[in-house]
1. Those residues that are of a type in the set (A, V, I, L, M, F, W, C) and within 14 Å of Met77 (Cα to Cα), I need them from region 22-66; list them, please.
2. From the set of residues in region 63-104 that are modelled with pLDDT of 95 or more and of a type in the set (Lys, Arg), which is farthest from Asp14 (Cα to Cα)?
3. Take the conditions surrounded by fewer than 14 Cβ atoms within 10 Å (Cβ to Cβ) and outside the structural domain of Met106 (by TED's automatic domain parsing) and apply them to Asp14. Does it pass?
4. Filter region 27-54 down to the residues that are charged (D, E, K, R) and in contact with a Lys or Arg (Cβ under 8 Å, 6 or more places away or on another chain) and list them by number.
5. Could you count how many residues in region 69-92 are crowded, with 16+ Cβ neighbours inside 10 Å and touching a Gly at 6+ places or on another chain (Cβ under 6 Å)?
Amino acid sequence: MQTVHLRRAKDLMDARYADALDLDAMAAEAGFSRYHFARAFRHAFGETPGAYLSRRRVERAKDLLANANLTVTEICMVVGFTSLGSFSRRFAELVGCSPTEYRKRMVDRGGPPAIPGCFLMAWARPTAIADKQGDGTRA
């Protein structure tokens, strides 16, 4: 039964990987204390919540490095890391090369043309879609 609650927290991390999620927020989503959540998550999924979240961020960064015309620093911030050094170190741990080297490898393979960064940033920005009451205009 615990797994259902842990999956809720995991789904939160998958959906909001770029947000500043802390252990308290993830534990609250599961309905656990932070310490019980950390132990239960590791037992259920084989890694700590922090390791899982950073791995998800690196997975998204790989996609952006291969397909978007953004700098490594911009990608670092877009995926939720707050430090270029910690991003580069974690990326190298998981992927086996630096973000810059990874991008070079993807370009050398002849991947798809890069999506302009300005388009990507505008497309990824949340927008209000509900009609305003009374005047008929859209937000």
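1. So the first thing to find is which residues in region 22-66 are of a type in the set (A, V, I, L, M, F, W, C), and the list is 23, 25-28, 30, 32, 37-38, 40-41, 44-45, 51, 53, 58, 61, 64-66.
Val58, Ala61, Leu64, Leu65 - these are the residues of region 22-66 that are of a type in the set (A, V, I, L, M, F, W, C) and within 14 Å of Met77 (Cα to Cα).
2. Ranking the candidates gives Arg89 first.
3. Numbers: surrounded by fewer than 14 Cβ atoms within 10 Å (Cβ to Cβ): yes; outside the structural domain of Met106 (by TED's automatic domain parsing): yes.
So Asp14 passes the test.
4. Of the residues in region 27-54, the ones charged (D, E, K, R) are 29, 34, 39, 42, 47.
Answer for region 27-54, where residues must be charged (D, E, K, R) and in contact with a Lys or Arg (Cβ under 8 Å, 6 or more places away or on another chain): Glu29, Glu47.
5. Qualifying residue count for the region: 1.
The values are calculated or read from the model by the stated rules, or taken from the named source; none is laboratory data. Treat the numbers as computed from the prediction; the structure is a model and nothing was measured. No Cβ is skipped: glycine too gets one built from the backbone with ideal geometry, and neighbour counts run over all protein chains shown.
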